[in-house]
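The values are calculated or read from the model by the stated rules, or taken from the named source; none is laboratory data. Note that the structure is predicted; figures quoted are calculated from it, not measured. Ideal geometry is used to build each Cβ from the backbone, glycine not excepted, and the neighbour counts take in all protein chains shown.
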Amino acid sequence: MGLLEKRGARYRNAPLAARFLVEGRPEYYGDFVTMMDRRLYGAYRHLDRSLRSNAPVTSVEARGDVFRAMAQDPSMARMFTMGMHATGAYWAGELARSVDLSRHRLLLDVGGGSGVYSIALCRRFKRLRAVVFDIPVVLEVARERIREADLESRIETAAGEFFRDPWPEGADVVLFSAVLHDWPPETSKALLRKAADVLPEGGELVIRELFSDDEGPGPLYAAMSSVTMLLDTQGENYSWATYETWLRGAGFGRFRRIPFRTTAASGALVARKL
């Protein structure tokens, strides 16, 4: 795998491991690897079961929705949140470089997890404030990260379950990052309508996801990720055109597709409330 180098009788980290697998390094990815190991690698043994039933195996084994299971298990929630923070740190930088939020003042980060996207966007746009909206056990990690970033004066947290509880008000831009892919179409469309309800006319919605092609099953990374989603959630990676259709139905228009300059299929779709 190229993670170790041997010199004489000793082994040391190869450059790849030194960059991504040493805790404390800026690009540390170990939390994501740990999360995948504990949550999903074993589940791939049951991929045939998921394919036959078209249902997740991890949720079945947890006897309920995977995210509700996390809400009741702080150690599991922390592991998942730290894992998503590790991968999110990279995408957050790309998002902050790619979108223009200079006219906005308050971001509502729905299902914002560790706050990694709010942190990156507030660093990029100095007049922007943010509210990270997620369940209480996840927000424990968010508050730690916000404090480490010295952004407590500009980023707040709001506890709630985004299907059941009222959303924080006053935002002029809403962010869904790696949220909508977890849910089936009707559920995702309901979340888009909720976003429209809290935004003023002219407010914007930003969707950061791995996007499938409008025609065909690719790109490869998005398709492979959809297999993982089948094991663990009720969703998949939807196409740009699919999201645009849903957004029109929720009262949005003036779409901007922003593919990130990466080897994966990540990007941002920006829409304006009409």
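Descriptive notes on the structure:
- Flag for Arg254 being of a type in the set (Lys, Arg), within 22 Å of Leu108 (Cα to Cα) and not in a helix (DSSP H, G or I): yes
- Of note, Gly203 does not satisfy the criterion of being more than 20 Å from Ser50 (Cα to Cα), surrounded by fewer than 18 Cβ atoms within 10 Å (Cβ to Cβ) and touching a Lys or Arg at 6+ places or on another chain (Cβ under 7 Å).
- Residues satisfying the stated conditions in the stretch 123-159, i.e. crowded, with 24+ Cβ neighbours inside 10 Å and touching a Lys or Arg at 6+ places or on another chain (Cβ under 8 Å): Ala130, Ile155
- Residue pairs whose Cβ atoms lie under 6 Å apart, separated by 6 or more positions or on different chains, with the first residue in the stretch 74-92 and farther than 22 Å from Phe125 by Cβ and the second assigned to a helix (DSSP H, G or I) and among the aromatic types (Phe, Trp, Tyr), are Gly83/Phe32; Ala86/Phe32; Thr87/Phe32.
Matching residues to (1) closer than 22 Å to Ile135 by Cβ; (2) aliphatic (A, V, I, L, M):
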| position | (1), (2) |
| --- | --- |
| Arg164 | yes, no |
| Asp172 | no, no |
| Phe176 | yes, no |
| Ser188 | yes, no |
| Leu199 | no, yes |
| Val206 | yes, yes |
| Glu209 | yes, no |
| Tyr221 | no, no |
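- Some residue of the stretch 74-83 being in contact with a strand residue (DSSP E or B) (Cβ under 9 Å, 6 or more places away or on another chain) and closer than 11 Å to Val138 by Cβ: yes
- Taken over the stretch 27-50, the criterion of being touching a residue at least 60 places away in the same chain (Cβ under 8 Å) and either over 22 Å from Thr228 (Cβ atoms) or not polar (S, T, N, Q) (or both) is satisfied by Glu27, Arg39, Leu40, Ala43, Tyr44, His46, Leu47.
- All positions within the stretch 232-251 that are within 17 Å of the chain's Cα centre (by Cα) and outside any loop (DSSP other than H, G, I, E, B): Asp232, Ser239, Trp240, Tyr243
- Residue that is modelled with the highest pLDDT, among those in the stretch 257-274 that are more than 16 Å from the chain's Cα centre (by Cα) and part of a loop (DSSP other than H, G, I, E, B): Leu274
- Lys126, sole failed condition from (1) among the basic types (Lys, Arg); (2) at pLDDT 95 or above; (3) over 22 Å from Pro26 (Cβ atoms): (3)
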